[in-house]
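Below is one structure, written out as structure tokens; the observations come after it.
Just so it is clear, none of the values below were taken in a lab; they were calculated from the coordinates. In this text the structure is predicted, and so the values were computed from the model without any measurement. All Cβ positions, even for glycine, are placed from backbone atoms using ideal geometry, and neighbour counts span all protein chains on display.
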Amino acid sequence: MTKPMIHIYDCVTGQEIVREMTDDEYQALLDSGLTPADDETTDE
Amino acid sequence: MATPPTFTTGSVLTAAQMNAVGLWKIATTTFSASTLVEVNNCFSSDYDNYLVMTSFYGNGTGAVWLRVKTATAETGAVYDRNAVYWYANAWNAFDAANQTYLFLQNHVSTSTNKSAGSLTFYNPNKAEQTAVLSQFSDYTGQFMLANHRIETTTQYTGIQMFSGGYTITGSVSVYGYRL
């Protein structure tokens, strides 16, 4: 399974980082309540 | 002397002219097939208010959320929302309080039908509540107008956008408003 990718841009340095998210980072996002089930609009 | 924004070839711009520029592009970044997009150090003491413009599509139909952050981490900010959503030929109330994120926008999977948004952040880098006024055109037939209030008074320096379940491809730009 392809791991989620994170794209980071720093406005001061102009540095751009694209890498796979770590398991801890992805789990932290899921734990924060952001899941596909949060699509709370009337979109179908 | 040329008056901005009308410049002539070879004209030398003075500090006074440049300091009179009202909206300054801080950064644009483009991303591809990303689950999480972070723009760091876009909010600072340089400006009080900011414009954030988004444009993207996904590899499926889904939603994207936004959170403010400091230099090192997302902060657990508290978000309130008063909004109306145009869907199925009707306005729908879309309010929510004490959220852990700011609902950004929906997207479809067509690169020629991108989801587009503009958000104005008021005082995100000050130790006071941040107001965010936004409008989003998700795609044909969906549109949202929203007032977001970030209750917490942390001095934020950046944003992160998170896609739930799908990856997103597009761009985000940040501009600073001079008072």
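Summary table below
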item: Ascending count of other beta-carbon atoms within 10 Å, so fewest first, for A:Met5, B:Met53, B:Met144, B:Met161; result: B:Met53, A:Met5, B:Met144, B:Met161
item: Estimated vicinal HN-Hα couplings, Hz - the stretch B:144-160 in sequence order (Karplus 6.51, -1.76, 1.60; Gly, Pro = x); result: 9, 10, 9, 10, 9, 10, 9, 5, 5, 10, 5, 8, 7, 10, x, 9, 9
item: Choice from B:Val108, B:Val78, B:Val12 showing the highest fluctuation, given a GNM over chain B with Cα pairs closer than 10 Å; result: B:Val12
item: Label-point separation, A:Thr2 to B:Trp86 (7 Å along Cα→Cβ), nm; result: 3.4
item: Shape category assigned to the stretch B:1-141 from the gyration tensor of Cα positions, a/c cut at 1.5; result: prolate
item: Prolate/oblate/rounded label for the stretch B:70-126 (Cα gyration tensor, a/c 1.5); result: oblate
item: Mean separation of Cα contacts under 8 Å (6+ apart) over length of chain B, as relative contact order %; result: 37
item: Mean ellipticity per residue at 222 nm, deg cm²/dmol - from DSSP H runs of n ≥ 4 across chain B, formula -39500 (n - 2.57); result: -500 deg cm²/dmol
item: Net lengthening on full extension, B:Ala93/B:Ala127 (0.36 nm per residue, minus Cα-Cα); result: 9.2 nm
item: Candidates B:Tyr139, B:Tyr122, B:Tyr87: whichever shows maximal mean-square fluctuation once chain B is modelled as a Gaussian network with Cα springs under 10 Å; result: B:Tyr87
item: Cut-off under 5 Å, modelled amide H: who pairs with B:Ala27 long-range; result: B:Val174
item: Vicinal HN-Hα couplings computed from phi for the stretch B:163-170 (Karplus, 6.51 cos²θ - 1.76 cosθ + 1.60; Hz; Gly/Pro x); result: 9, x, x, 10, 9, 10, 9, x
item: Amide H contacts under 5 Å for B:Phe143, placed H, 5+ residues apart; result: B:Trp86, B:Asp138
item: Listed residues B:Asn19, B:Asn98, B:Asn40, most fluctuating in chain B (Gaussian network, C-alpha, under 10 Å); result: B:Asn19
item: Karplus-derived 3J(HN,Hα), 6.51/-1.76/1.60, for each residue of the stretch B:111-126, Hz, glycine and proline x; result: 5, 8, 9, 6, 6, 10, x, 9, 10, 9, 9, 9, 6, x, 9, 10
item: Over the protein assembly as shown, equivalent-ellipsoid semi-axes from the Cα gyration tensor in Å; result: 29, 20, 19
item: Rel. contact order, % - alpha carbon contacts under 8 angstrom, at least six apart, the stretch B:44-115; result: 41
